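One structure is given here, and the rest of the page talks about it.
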Amino acid sequence: MTANSFEIKVPQIFSWQAILGYLKRETNEVMFQVTEQDRVRRAFKVGTQIYLCEIAYLPETGQLKVTVLNGLTLNKTATELIGVFISEWFDLDEDLSSFYQMAASDEFLAPLTKRFNGLRLVGMPDFYEAITWGILGQQINLGYTYTLKRRFTEKYGEKIVYEGMNYWIYPTADQVVPASLEELRELHLTQRKAEYLSDISQQITAGKISKEYYQEMFNAAIAEKTMIKLRGIGPWTANYVLMRCLRKGDAFPMADIGLLNGIKTIEKLDAKPPVEELQRLKKKWGKWCSYATFYIWRLLY
């Protein structure tokens, strides 16, 4: 570690190129940028300071090197918080050996784990980002969801400029609470989505819900049952948050169109798979449902 850089050890089952392939798939992503040198740039706010970091993979040491680009000096708190975020983002603490062992004899997963070998389940460590993304993405295509997320972030978030490029910090719930429904609608949100975003922002700001609150629940089924009591949160949104933020391995968004189309493609079906087939797969994959879903998504996106 130096005054402006530190390293993070990566697990044995890890592919930077597979992760980059996932990160590069959407050019309208607002939260990070992938450089031509296969490095990832992202801004992190610690206290009142915004650190613009560049993440590079060092194959000779099996580490990610995180370097601050905008002249700030890393202290212990910043190093720990940024390191934890990156580890959660790329799911570096998860041991995938038993997933790969299971997948080796699975007709769905064997070809996917070979094709995307070393891919980690890229997540959204920020609970507010994850749950608002789920709301923004309801009943619209993926491309337009990214457009709405960019509008939302650029309206309520913070940014720094480096080498002529904008790097954004995602809004916090308390930054959005004062917004009227009319103001949210100006982002081209539906009335319902504006209401849902407002309600969720108020509940988080009031301390009624949090990432820690749901993480403490025993499994995805219990967390989902609790989360769908929130206005605007259905099973799809709940399972998306459980997968990508709360890291509940048994989360399984059975109605997700990407999952259904992926299974349809793999099985060469004329129609989407029946519920009975999805229930069979859920039971078969167990605690690895989230990873199975993510790899199936990767086949399409």
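Quick look at the values:
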item: Cα gyration tensor category, rounded, prolate or oblate, for segment 87-147 with a/c compared to 1.5; result: oblate
item: Solvent-accessible surface (1.4 angstrom probe) belonging to ILE169, in square angstrom, nearest 10; result: 20
item: Efficiency of FRET from Cβ geometry, GLN37 and ALA206, R₀ 25 Å, rounded to 0.05; result: 0.05
item: Spin-label model distance (nm) - LEU300 vs GLU216, 7 Å beyond Cα toward Cβ; result: 3.6
item: Euclidean distance of C-alpha centroids, segment 225-240 and segment 68-82, integer Å; result: 35
item: Geometric extent, Cα atoms of segment 1-138 - Rg, Dmax (angstrom); result: 16.1, 50
item: Derived scalar couplings ³J(HN,Hα) [segment 69-79; Karplus, 6.51 cos²θ - 1.76 cosθ + 1.60; whole Hz; x for Gly, Pro]; result: 9, 9, x, 7, 9, 6, 10, 4, 5, 4, 4
item: Qualifying GluC sites (Glu not before Pro) for segment 50-87 [loop in DSSP, other Cβ within 10 Å: at most 15]; result: GLU60
item: Area accessible to solvent at THR79, 1.4 Å probe radius, in Å²; result: 20
item: Amide H partners (placed H, <5 Å) of ALA43, local residues excluded; result: CYS53, TRP168
item: Percent carbon-and-sulfur accessible area, the chain, ignoring ligands, DNA and RNA, probe 1.4 Å; result: 50
item: Residue-wise HN-Hα coupling along segment 108-123, computed from phi with Karplus coefficients 6.51, -1.76, 1.60 (Hz; x: Gly, Pro); result: 7, 8, 4, x, 6, 6, 6, 5, 10, 3, x, 5, 9, 6, 5, x
item: The chain: Cα Rg divided by the 2.2 N^0.38 Å rule of thumb; result: 1.00
item: Largest-first ordering by accessible area, 1.4 Å probe, given options GLU186, GLU195, GLU212; result: GLU186, GLU212, GLU195
item: Three-way shape label, segment 116-252, alpha-carbon gyration tensor, a/c 1.5; result: oblate
item: Extension gain, LEU23 back to ILE8 (0.36 nm per residue minus Cα-Cα distance, nm); result: 3.5 nm
item: Label point distance in nm, THR48-THR73, each placed 7 Å from Cα along Cα→Cβ; result: 1.8
item: At most 13 other Cβ within 10 Å, DSSP loop - trypsin sites (Lys or Arg not before Pro), segment 237-281; result: LYS268
item: Convex hull of segment 232-301 built on C-alpha atoms - directionally averaged projected area, nm²; result: 4.6
item: J(HN,Hα) series, segment 207-216, from Karplus relation 6.51 cos²θ - 1.76 cosθ + 1.60, nearest Hz, glycine and proline x; result: x, 7, 9, 6, 4, 5, 4, 7, 5, 6
item: Entries in LYS114/LYS193; LYS114/LYS282; LYS225/LYS284 that, when Cα-Cα distance is taken, lie over 32 Å; result: LYS114/LYS193
item: Inter-probe distance in nm under a simple model that places probes 7 Å from Cα toward Cβ, at GLU158 and LYS65; result: 2.9
item: FRET efficiency, ALA110 to GLU88 (Cβ-Cβ, R0 41 Å, nearest 0.05); result: 0.90
item: Solvent exposure ordering (accessible area, 1.4 Å, most first) of THR190, THR48; result: THR48, THR190
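The values are calculated or read from the model by the stated rules, or taken from the named source; none is laboratory data. Bear in mind that the values here come from a model prediction, so they are computed numbers and not experimental data. A quick note on method: Cβ atoms are made from the backbone with ideal geometry, for glycine too, and the neighbour counts reach across all protein chains shown. What goes into the accessible areas is simple: the full protein's heavy atoms, side chains included, and nothing from ligands, DNA or RNA. Shrake-Rupley method; radii C 1.70, N 1.55, O 1.52, S 1.80 Å.
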